[in-house]
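Reading through the C-alpha cells given below for one structure.
The values are calculated or read from the model by the stated rules, or taken from the named source; none is laboratory data. Quantities reported herein were computed from a predicted structural model and do not represent experimental measurements. Please note: Cβ atoms are built from the backbone with ideal geometry, for glycine as well, and neighbour counts cover all protein chains shown. When the accessible area is computed, the model is the full protein with side chains, heavy atoms only, and any ligands, DNA or RNA have been set aside. Shrake-Rupley method; radii C 1.70, N 1.55, O 1.52, S 1.80 Å.
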Amino acid sequence: MKQQKLRFRVLTLITIALLVISGAYGVYSVSAYGSRWVSSARNTRYRSAKSSVIPGDILDRNGVVVATSDENGKHVYQSNTLSRSSMVHLIGDTEGNVANGVESFQANYLLGFETSLSERVNALLDGEQRRGDTVVITADSRLQTEIVQIFRNTASTRGKCGAAVVLNYRTGEVLALVSLPVYDPQNITDTVRQSSQHPYWNRALQSLMPPGSTFKIITAAAALENLANPQNALFTCTGATQVMDRMVTDYGNAQHGEISLARAFRVSCNNVFAQTALIIGDSALRKTAERFGFNDNFLFRDLVVENSRYPTTNRNSFEIAWSGVGQSQVAVTPLHMCMIAAAIANDGVMMEPRLLSRVQSPAGTVRMRSSGKAYRTVCSPETAQILDGYMKDAVQNGTGTRAKVDGLTIAGKTGSAEGSANGRDVTHAWFTGYIDSDRYPYAVCVLVEEGGTGGSVAAPVAQKIFAYLKQHY
C-alpha cells in the first residue's frame, strides 16, 4: 500500500511538472511567436478581420503616413511612386507578395486584436466600424527613398540587385532597410511578376551571401582573443599560400611581404587571414563567429531574419583557410553584417534590431512603446576598441577610402565576395561600417550583388548614405 501511494505521488508530481512546463512554453510561444501566428495566412481570424476592420495607419519615424485606408476602406500607400516603392519591402503590399512586412507582421495591432473590450463596446455604441491601431515604425521613408535613388543614379549600381541597412548602434533602431529592385505596390505589373531578379524577395533580411572580406572583422577578433601578442605578430604574404594542393591568393596577386595584423586588415590581405584561421583553428574561429551571431536562431521582436551560417561540415584545411577570408560556406544577411559593425561601434554590445517604435489606439492613447534591448555581448570593450582602430584605418588609408566623408570619422570594412550565378563566377560588393560620433550613432551596410569590388562599388554608396545622414540628422 505504501508503495502504491509513493508511485501515485510520483506520477502526480510528474504530471504537475509537465503541466507547468507546457504552460510556461505556451506563454513563451505567445510572446515570442505571437506576431508570426497572427500574420500567418492560415489564421482564419486574421483573414476575417481584414474584411471587417479598417486597418490602422502605418507612420514612419517622422510621422509620414506610409500606409492608410481611404474613406471607402481601400488600402493606399504614399502618393509618390518612388516613395511608396522604396518602402514596399518594409511595409508589404495588398497581395501579400512580401513576406513579413509590417502590414502582416504587426497585424495584431493594425487589425485591432489588441483593443480592449471597452474600446470595442464604445465603438459599437457610437455606430462606428472598428478601427485598428496606428503603428509607428523607426524607419525613415525619406532616407529609404534617398538610398533607392543613390542605387539608381550611380553607374556601377544602376539596375543591380542589392540591399542597404542603416541602424542606430546605440538603440538598435532600424532607420533604413532597402532591398533592390523595388516595385510599385499599387501597380504590380506582369514585368514585376515575371522578373528574374525576384523583386518580392527582401534581400536585406533574406539573402544569405558570402561576406567576403567583411568577415575579416570576425577573424581579426578571433586572432586578438586567441593568439599570443597578436598586435606585434608578423605574417608573411608572398601573394599565395599553399593549403593542401590548392592556393589562397590575394586580389590582383598582390604581395605584401612581412606584414602585421593591423596592416593586413587595412589592405585586406587574404593570405594573412587565411593563415590566421589555420593557426587559431576552426573551433576557435567558429566560436568567435557564433558569439557574433552566426549559427544562431534569430528570433527578433519586429523582424524575421534568415540565420547566418558558419559551416560545421566539410572542414578540411583549405575550407578553414577560406573561411577566415569570408568564403567557403560562410553566409550572412546584410542586416546581420550591419549588426556586426554596429556591435564594434557599441563597445562590443550587439543591440537587437528594432523596427517598431510605438503603437497608438484610435483615440490616440499610446498602447505600447518599444525600447532598446541588448541582444548579446560579442567581444570585450578592449577587443572592440582595437577593431575600431583597424576599421578606421581601413577607411582612412586602406581599401575603404571611398567611404570617407569630410567632417566625419568613418570606420568600416570592404568585401569582394566570390560566388556563382547561373554557372558564372561573380563578385558581390560589400561595405559595412559606422560613424564614430555621439551625434550620428549610425551603422551602414551595403551589398551590391554581382557588383564587383567592395572598395570601388559598395563603399561609394555607403559614402553617400553617410553624407545624407550628416546633412539631415
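Take each peptide in 417-429, 328-340, count the other Cβ atoms within 10 Å of every residue, and average; sorted highest first, the result is 328-340, 417-429.
Residue 143: net charge of surrounding residues, Cβ under 13 Å, Lys/Arg +1, Asp/Glu -1, itself excluded?
Numbers: positive: 61, 142, 464, 470; negative: 60, 140, 146, 173.
Within the 13 Å Cβ shell, the charges total 0.
Legend: calculated FRET efficiency, residue 279 to residue 472, from the Cβ-Cβ distance at R0 = 45 Å, rounded to 0.05, equals 0.50.
Does region 204-290 come out rounded, prolate or oblate by the C-alpha gyration tensor, with a ≥ b ≥ c the root eigenvalues, rounded set by a/c under 1.5 and, if not, prolate when a/b is larger than b/c and oblate if not? Oblate, since a/c reaches 1.5 and b/c is not below a/b.
Take region 288-370 with all the other protein chains still there, run a 1.4 Å probe, and you get 32 Å² of accessible area per residue.
Can you tell me which of 243-255, 434-446, 267-279 comes out highest on packing, and rank the rest after it, using the mean Cβ neighbours within 10 Å? Provide the component values of the computation, followed by the final result.
Details: 243-255: 13.6, 434-446: 21.9, 267-279: 24.6.
Most protected by this proxy first, the peptides run 267-279, 434-446, 243-255.
Judged by a Cβ-Cβ distance under 4.7 Å, the unpaired cysteines of the chain are 161, 237, 269, 379.
Taken along the Cα-to-beta-carbon direction at a fixed 7 Å, the label points for residue 306 and residue 329 span 1.5 nm. Suppose R0 equals 51 Å. What FRET efficiency, 1/(1 + (r/R0)^6) with r the Cβ-Cβ distance, do residue 363 and residue 314 give to the nearest 0.05? After rounding, the FRET efficiency stands at 0.30. From the Cα gyration tensor of region 306-414, with a ≥ b ≥ c the square roots of its eigenvalues, which class applies: rounded if a/c is under 1.5, or else prolate if a/b is larger than b/c, or else oblate? Verdict is oblate for region 306-414. Relative to the longest principal axis of the Cα atoms of the chain, helix 459-472 runs at roughly 50 degrees.
Mean separation of Cα pairs under 8 Å and 6 or more residues apart, divided by the residue count, gives the chain a relative contact order of 15 percent.
Largest first, what is the accessible-area ranking of 430, 201 with a 1.4 Å probe?
Details: 430 0, 201 110 Å².
Reading off the accessible areas and sorting them downward yields 201, 430.
Can you pull the accessible area of residue 301 for me, 1.4 Å probe, Å² to the nearest 10? Answer for residue 301: close to 90 Å² accessible. So, with a 1.4 angstrom probe, what is the percent of accessible area on the chain that is carbon and sulfur? Taking all protein chains in place, the chain shows 49 percent carbon and sulfur surface.
Each residue, residue 347 and residue 94, gets one label point 7 Å from its Cα in the Cβ direction; the gap between the two is 5.0 nm.
Accessible surface area normalised per residue over region 421-473 is 36 Å², counting heavy atoms of protein chains with a 1.4 Å rolling probe. In nm, give the distance between the simple-model label positions of residue 238 and residue 253, each being 7 Å from the Cα along the Cα-to-Cβ direction. For the pair residue 238/residue 253, the computed spacing is 1.4 nm. Please compute the net charge surrounding residue 281, taking Lys and Arg as +1 and Asp and Glu as -1 over other residues with Cβ under 12 Å from its Cβ. Every neighbour counted, the sum reads +2. Backbone phi angles across region 410-424, fed through the Karplus curve with coefficients 6.51, -1.76 and 1.60 (θ = phi - 60°), yield HN-Hα couplings of 9, 10, x, 8, 8, x, 10, 8, 7, x, 9, 8, 6, x, 9 Hz in residue order; Gly and Pro are listed as x.
Principal-axis analysis of the Cα atoms of the chain puts helix 381-397 at an angle of about 70° to the longest axis.
Report note on the peptides 405-414, 95-104: ranked by the mean count of other C-beta atoms within 10 Å, highest first, their order is 405-414, 95-104. For the chain, the longest principal axis of the alpha carbon atoms and the long axis of helix 141-153 meet at an angle near 40°.
If you stretched the chain out fully between residue 190 and residue 229, how much longer would it get, using 0.36 nm times the residue separation minus the C-alpha to C-alpha distance?
Values: separation 39, 0.36 × 39 = 14.04 nm, distance 6.00 nm.
This chain segment gains 8.0 nm when fully extended.
Excluding same-chain neighbours fewer than eight residues apart, the aspartates and glutamates reachable from residue 464 by a Cα-Cα span under 15 Å are 146, 406. Taking all protein chains as they are arranged and a probe of 1.4 Å, the heavy atoms of residue 306 leave approximately 80 Å² accessible to solvent. Note on residue 401/residue 114: beta-carbon distance plugged into 1/(1 + (r/R0)^6) with R0 of 56 Å gives a FRET efficiency of 0.70.
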